[in-house]
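We did not get these values from a lab; they are worked out from the coordinates using the rules stated. These figures come from a predicted structure and were not determined experimentally. Glycine gets a Cβ as well: all are built from the backbone with ideal geometry, and neighbour counts include every protein chain shown.
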Amino acid sequence: MNREDPAVLSTADLETEKLEKPKSSPPKATKTPGQQAASWVKEIVELVVVTLVLLIVIRWGLAEARYIPSSSMEPTLQINDRILVEKVSGHLGQPIKRGDILVFYPPPSEMDGKDLSNSPQAILGRLTGLPFLPMEPAFIKRVVGLPGDKLRIQKGVGVFINDQLLRESDYVKERPHYDLNVLGDIGGRSVSGNFLKPYGDSNDPIIVPAGHLFMMGDNRNNSEDSHVWGFLDQKRVIGRTCLIFWRWLSPQPYPSALDHAS
């Protein structure tokens, strides 16, 4: 047999030819319209679930944004200010201090006896803050009285804590126009216009009970706070205000003296 005959292939040549021969890939399966729709729905559901989980982790565990709708905290916070409310310190058990500015759900007495809803939509709204879900109103005030504090307010003077005048000139707008000496003095008009008197005509001193706070707005004479609805249960606290991240700055008025300048 002629070794040079090109028509004759050795075993080694055959093996080499097998290795060099490209393998044909199997044909790709084409998805039906129904399968494509199912795949698209699956991706959307996964995206929604991941987004909700991230919102809950951030809003419940870290912080949330709020805006100021009223003048009750002027001059510290102004109408339409956007603030950041941090929640990490609360989860870590950091004690609330006098002077902290807290965001909280008001007591039911302030909201015509209506407490937080336990419906799935309301709970999801509290956890995510999505605007199309129900959202309960929240207040923002400053901590004035801590558990165990004896509190008294003197008209035109200020707040006394344990018989010591509280120094508040750095943040209050004006001195209070009312007296508060005993529990029976607490009361006034709620946001809805109803008259509240949470402790009746009690002559007991105003002592903040355990697990509660006495909250007041810096705009003392224009604030629906603890002097109207009483002590705040600390379980209703949402978080501490830590940052003003947006404030509308009004333009400076044009000097009237220049109106007729030539």
Stretch VAL182-ASN118 to full length: gain in nm at 0.36 nm per residue minus the Cα-Cα span? 19.5 nm
Spin-label zone in the range 165-179 - amide nitrogen under 20 Å from a point set 7 Å from the Cα of SER70 along the C-beta vector: 171-179
Using the Kirkwood formula on alpha carbons, the hydrodynamic radius of the range 53-246 in angstrom works out to 17.3 Å
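Suppose every K and R has +1 on its Cβ and every D and E has -1 on its Cβ; what is the size of the dipole of the range 133-241 about the Cα centre, in Debye to the nearest 20?
About 180 debye.
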Taking the Cα centre of the range 53-246 as the origin and placing charges on Cβ (Lys, Arg +1; Asp, Glu -1), which of GLN78, SER190, GLY113 is farthest toward the positive end of the dipole? GLN78
Loop-located trypsin sites (Lys or Arg not before Pro) in the range 164-198 whose Cβ has at most 10 other Cβ within 10 Å (DSSP): ARG167
Under unit Cβ charges (Lys, Arg +1; Asp, Glu -1), what dipole magnitude, rounded to 20 debye, does the range 53-246 have relative to its Cα centre? 340 debye
Between the range 40-79 and the range 135-180, the Cα center-to-center distance that results, in Å: 30 Å
Based on the mean of other beta carbon atoms within 10 Å per residue, what is the order of 103-109, 153-159, 215-221, 117-123, most packed first? 215-221, 103-109, 153-159, 117-123
